[in-house]
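Everything on this sheet refers to the single structure shown next.
Each value in this text was obtained by applying a stated rule to the coordinates, not by laboratory testing. Because the structure is a prediction, the values reported are computed rather than measured. Cβ coordinates were reconstructed from backbone atoms using ideal geometry, including for glycine residues, and neighbour counts include every protein chain displayed.
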Amino acid sequence: MQYTDFTPGRTVKIAEKTCLFFSGFAYLGLHQLPAYKSLLYEGIEKFGAVFPSSRVANLRLSLYEELETVIAKLLNQEAAAVFSSGYLSSQAAALYASKCGQLIYAPETHPSLWVNNPALPTVSREEWVADTIQQVNSHPDNTFAIVADTVSPISGVIHSFKWLQELKKKVLVLVDDSHGIGIIGPEGQGSIYFLPQSDVVTYLITASLAKAYSTEGGMITGSEKAITAIRKLPIFSGSTSLPPANAYAWLQAKDLFSEQRRILQQNIAYLLHLVNDHGIHNPFALPIFILPPVGGLAASLQKKNIIISSFPYPFPDSLPVNRVVVSAIHTQEDITFLMKGLSSCL
């Protein structure tokens, strides 16, 4: 374990030594981008550090409704609600889903979506899919609500949901798209870009705005009926709003998002070109590259001034998962240096 007194960007300083940083998230690199930080400064000047009132109080800030309208439009949904964190938005969405039917969790569903500490399936995803189709189709409409992640940041996999077209009974599908929104789709609309449309499936999508957009906050988007009900939950009415400067910066940054997404895709393509057959796994061209389980890999790379992601998952006593996370603020020189280090260690 290492500590730093500085927020990482493309580099991080550890014990007076500067290392390239290929870990964390902030995929678009906005948290260290001067243009985006300027928008945050503007937002603080206009709105201060916090809006000191509840979202359901008699005096409200129209900025939040503007943000929700734009997010709903981006994801082609009827309405949206924003929260101060992705975890909070996921919990609110899961609580709402639990009122719509019995929850069916996918394997390895992120803890932010858990309600009452569920026992997650231990079978393969293929077996779970088959079981879920049979379970839903053998019961009346709206008996179940399916809960899953769209993208696994640990395996670098975009999960397929084509099987939802085999469902014959109405069902709510709650998906967490924290590692898809901002990256996937031509406009960064996330996994809704490929989720299948069906007469029996109603989607509820939640996501952190921090993973791609470097914006502390979370969102839920879906039908007007669902969002109206979520707004009535105590978890919405009793929680602090996300900082208004964050909402302001996000709304002003559409062109920045587009440019940073373009650069990120270039960086991903460049590293994919370099990795060749080194046993590095990235089947969906995400900014997450899964490295072989080589013991001491993270320590070896740190000696070469490279920090990667390496920690036990899903439990503290699990084997470390080694990953490289590329962002839009990395340069091709950074990526070339990384690959030289990896080549000498793998």
Cα-based reach from LYS340 at 18 Å (exclusive), listing lysines while leaving out same-chain residues under 8 positions away: LYS303, LYS304
As a percent rounded to 5, the proportion of antiparallel DSSP bridges among beta bridges in the chain is 55 percent
Taking R0 as 35 Å, what FRET efficiency do you get between ALA119 and TYR193 from their Cβ-Cβ distance, rounded to the nearest 0.05? 0.65
For the pair ASP277 and ARG60, what calculated FRET efficiency results from E = 1/(1 + (r/R0)^6), where r is the Cβ-Cβ distance and R0 = 45 Å, to the nearest 0.05? 0.20
Label-point gap, in nm, between GLN2 and GLU333 - each point 7 angstrom along Cα→Cβ: 2.0 nm
Taking VAL136, VAL200 and counting other C-beta atoms within 10 Å, the order from fewest to most: VAL200, VAL136
Would you calculate the separation in nanometres between label points at LYS232 and GLN266, each defined as 7 Å from the Cα along the Cα-to-beta-carbon direction? 5.0 nm
What FRET efficiency comes out for the pair LYS46/THR18, r = Cβ-Cβ distance, R0 = 35 Å, nearest 0.05? 0.50
From the helices alone, meaning DSSP H stretches of at least four residues, give me the mean residue ellipticity at 222 nm for the chain, per-run term -39500 (n - 2.57), in deg cm²/dmol to the nearest 500. -10500 deg cm²/dmol
Roughly how many Å is it from the Cα centre of the range 184-215 to that of the range 297-346, as a whole number? 28 Å
Extended-chain gain in nm, criterion 0.36 nm per residue less alpha-carbon gap, THR143 and LEU346: 68.1 nm
Candidate lysines - alpha carbon under 22 Å from LYS99, same-chain residues fewer than 8 apart omitted: LYS168, LYS169, LYS170, LYS225, LYS232
Prolate/oblate/rounded call for the range 126-252, Cα gyration tensor, a/c under 1.5 rounded: oblate
Take each of the peptides 268-278, 65-75, average the number of other beta-carbon atoms within 10 Å over its residues, and list them starting from the highest. 65-75, 268-278
